[in-house]
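K.L.:
Below: one structure in structure tokens.
Read-outs: derived from the displayed coordinates by stated rules, not from any lab. Remember, it's a predicted structure, so these values are computed and weren't measured experimentally.
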Amino acid sequence: MAVIIIDQIIKIVVKTNMSLHEQIDVTSWCKILFVENRGMAFGMSFIGTSILSAFRIVAVVAFVYLLAVLCRRKYPIGLVACVSLVVAGALGNIIDNCFYGLCFSESLPYNLPAEFVGWGNGYSSFMSGKVVDMFYFPFFTWPDWMPLVGGDVFFGAVFNFADAAISCGAVAILLFYNKYLTGKDKKASTDEATAPTNAKANIPADDNK
């Protein structure tokens, strides 16, 4: 819940106080750049907004069910926390897709921040709103002589707090809890369960009996 609240506070503050494409330079490599997108995390776009919103909702339902299973079976609290981050991040972007188009005016450039215009008076319909992004970290620019990436910005994606939560949760699962994805934890449990039986079977018989 905290992730969703923080994400929405940041997005609403940016959307109602900055014009589209406005940039605030925090440092040379850390910037607040207001952009919007209809696509996936980090500004990617492959399918329509409504289809993507529906996909996100189905995915969140599946992850909520997985979260319930993990809690019921008493999996490590760290794994539960990581899955919770993914769910919360996805919900944060779903809110943008589903409701921002209904209640905000359209964000425009040239010092024209969006306004809250009341339910149903916004720039778009249900499940067709744009996701608000703002974090931009152009750490450096690749030298022009480098093939493929020459002249491009290293990590030029613009993202939001929800995207960061999803990425951190997913990466942590892959790094620290991958055995639960591959089934190695079940194998380890089986080996531990059969170990006493195997040890007993290997005890040499007493010749004096």
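K.L.:
For residue 22, which sequence-distant residues (separation of 5 or more, or a different chain) have an amide H within less than 5 Å of its own amide H, given hydrogens modelled in the peptide plane?
P.N.:
Result for residue 22 returns 34.
K.L.:
Same structure again: Tell me, what ³J(HN,Hα) does each residue in the stretch 119-136 have, in order and in whole Hz, if you take phi through Karplus 6.51 cos²θ - 1.76 cosθ + 1.60 with θ = phi - 60° and put x for Gly and Pro?
P.N.:
For the stretch 119-136, the Karplus curve yields 4, x, 10, x, 7, 8, 9, 4, 6, 10, x, 9, 7, 8, 10, 8, 8, 9 Hz.
K.L.:
Output wanted: per-residue J couplings in Hz (rounded whole) for the stretch 172-181, from phi through Karplus 6.51 cos²θ - 1.76 cosθ + 1.60, θ = phi - 60°, x for Gly and Pro.
P.N.:
5, 4, 5, 7, 10, 10, 5, 5, 7, 7
K.L.:
Sticking with this structure for a sec: I'd like the distance between the alpha-carbon centres of the stretch 3-29 and the stretch 121-180, rounded to an integer number of Å.
P.N.:
Result: 15 Å between the Cα centres.
K.L.:
HN-Hα J couplings of the stretch 94-107 from phi, Karplus 6.51/-1.76/1.60, θ = phi - 60°, integer Hz, Gly and Pro as x?
P.N.:
Computed from phi, the couplings for the stretch 94-107 are 4, 4, 4, 4, 7, 10, 5, x, 7, 10, 10, 6, 6, 6 Hz.
K.L.:
Quick one: divide the alpha-carbon radius of gyration of the stretch 59-165 by 2.2 N^0.38 Å and tell me what you get. Kindly include the intermediate steps, with their values, before the conclusion.
P.N.:
On the way: Rg = 19.1 Å, N = 107, 2.2 N^0.38 = 13.0 Å.
Scaled against compact globular proteins, the figure is 1.47.
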